[in-house]
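Written out below as C-alpha cells is the structure these notes cover.
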Amino acid sequence: MFRFARTFAVGLAALALSAFQAAPPQLPPDLAVLADDPAAARAFDYMALKATGADLKTLSNAVYMRARIDADSLRPLTEAETILQAELAAAAEAPTAETFEADRAAADAAWDRWITFGEAVMAGQPVAEPPFSHVADRVRHMEATTDPRVRELLRRAARDQLLRRGWEVGDEVWPEPPTPGALSRFNSRLGQQVWAIDSDNTEWLKADVAAHGWYRIPIHGEAASSAAWLMAQHADRDRPFQRHVVALLEPLAAAGDVIPANYAYLYDRVAVGENRPQRYGTQGVCVAKGVWEPNTLEAPERVQALRDEAEIGSLADYTARMHRFCADFSG
C-alpha cells in the first residue's frame, strides 16, 4: 500500500495567514470573475492562459489570498475558488493540454472513490491499517458513547481526522500512483473540505463551550477533553476563539482537569500565529531538506523545564521526529 506525503497540508493555514503580512498577489479581473462561478471556473482554458506566459503558480496562490477576513481570521474557499485554484495549479504542472485533461479525469475519479471510502469509514467500516485504522478507532469510540453532547463532539473530531488523513491516502483512492497534476487537483479539493469542517467545528465548539463550559477529564473523560482541544487547535482562522480557549485551559491544566500537553500545544500555536515567541517549542518550520527547527522561543534556557512540566518530552527528541516532515523541502 502506497502513501503520499503531507507536504501540501503542512502549514496550509499558516501559509495563507503569513502571506498576508506582505502585499498579497491579486487576481486579474478576468480570473476574478471565475472565482464566483463554478461552471465557468471549470470550463476556462487554463492551458491557453499558460501559453501566454502567465505565472499560473502565482495566480493560484492569489486565489488563497481572497480568503482573508481580517488579520485574525480566514474563511474557507468557495467551490468556485477551489476549482480555480486547483486548475491553475494543475495547468502549471501539465506539459500538454492532453495531460491536463487526463489529470482532471483521474482526479475526478479519485475524488469519487474518496467520498465513498470516507462515508464507509464514518459509518463504522473496519479498517486494518493506519492511518485510517486510527480514524475507525475514533468512530467506534464515538458509537459506544451515550452522552449526546460528547457523542457529537467525538463524531466531529473523527471526521476532522478522516479528512486530515486524506493527505496520506493511497490505493484507497488511487489505483495507480497519481501524476502531479492529478494529485494537485485532489489536494485542493481536500483542502477545501478541511477548511469547511474546521470552520463548522469552530462555530459548533464556540457555541457549545459558551453554553456548557470546557470538557474536563474528571467529568467527560480524556477522549472528550482531547477531542475538544483538537478542534480548538484547528480553529486557526478564528484567533480570538483560540485565545479564549488558551485562557480557559491554563487553570484547568494546572488543576489536572485537562492534559497539560494540550494546553502547551495550543499556547504555542496561538503565539506563533500571532508572530510572538512560543513557550514550549512545539511549532516550527523546515529550514533545509530534512531539517526542522522550532520557531523563536520565549526563554530558550527554560524550554526543557517547561516541556517537562507539560509532559511532552525533550525538545531534542521532538526535533528529531519532526525532521521527517521536511524530507521534500526545497526552499
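The values are calculated or read from the model by the stated rules, or taken from the named source; none is laboratory data. All values derive from a computational prediction rather than experimental measurement. Quick reminder, even Gly has a Cβ in these numbers, built from the backbone with ideal geometry, and neighbours come from all protein chains shown.
Condition check ((1) in contact with a Gly (Cβ under 7 Å, 6 or more places away or on another chain); (2) under 20 Å from Ala320 (Cα atoms); (3) part of a strand (DSSP E or B)) across all residues:
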position: Val258; (1), (2), (3): no, no, no
position: Tyr263; (1), (2), (3): no, no, no
position: Asp268; (1), (2), (3): no, yes, no
position: Tyr280; (1), (2), (3): no, yes, no
position: Cys286; (1), (2), (3): no, yes, yes
position: Trp292; (1), (2), (3): yes, yes, yes
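Filtering region 254-289 to residues that are small (Gly, Ala, Ser), over 20 Å from Asp317 (Cβ atoms) and either without any contact (Cβ under 8 Å) to a residue 40 or more places away in the chain or not assigned by TED's automatic domain parsing to the domain that holds Ala320 (or both) leaves Ala254, Ala255, Gly256, Ala271. Total residues in region 122-152 satisfying the condition of being in contact with a Leu (Cβ under 8 Å, 6 or more places away or on another chain) and closer than 20 Å to Gln193 by Cβ: the figure is 5. The residues of region 195-232 that are assigned to a loop (DSSP other than H, G, I, E, B) and in contact (Cβ under 8 Å) with a residue 12 or more places away in the chain, listed by number, are Trp214, Tyr215, Arg216, Gly221. All of Thr58, Thr82 fail the test of being touching a Pro at 6+ places or on another chain (Cβ under 9 Å), closer than 28 Å to Glu176 by Cα and either at pLDDT below 95 or part of a loop (DSSP other than H, G, I, E, B) (or both), apart from Thr82. Against the definition (in a helix (DSSP H, G or I) and in contact with a Phe, Trp or Tyr (Cβ under 8 Å, 6 or more places away or on another chain)), how does Leu190 come out, yes or no? Judged against the criteria, Leu190 is a match. The number of residues in region 71-127 that are surrounded by fewer than 18 Cβ atoms within 10 Å (Cβ to Cβ) and of a type in the set (D, E, K, R) comes to 9. Criterion applied to Ala109, Ala89, Ala102 was being part of a helix (DSSP H, G or I) and touching a helix residue (DSSP H, G or I) at 6+ places or on another chain (Cβ under 6 Å), and the one residue passing it is Ala89. Of the candidates Phe20, Phe4, the single residue that is at pLDDT 50 or above, surrounded by 15 or more Cβ atoms within 10 Å (Cβ to Cβ) and more than 17 Å from Ala89 (Cα to Cα) is Phe4.
Restricting attention to region 255-297, the residues that are out of contact with any Phe, Trp or Tyr (no Cβ under 9 Å at 6 or more places or on another chain) and either at negative phi or buried (at least 16 other Cβ atoms within 10 Å of the Cβ) (or both) add up to 13.
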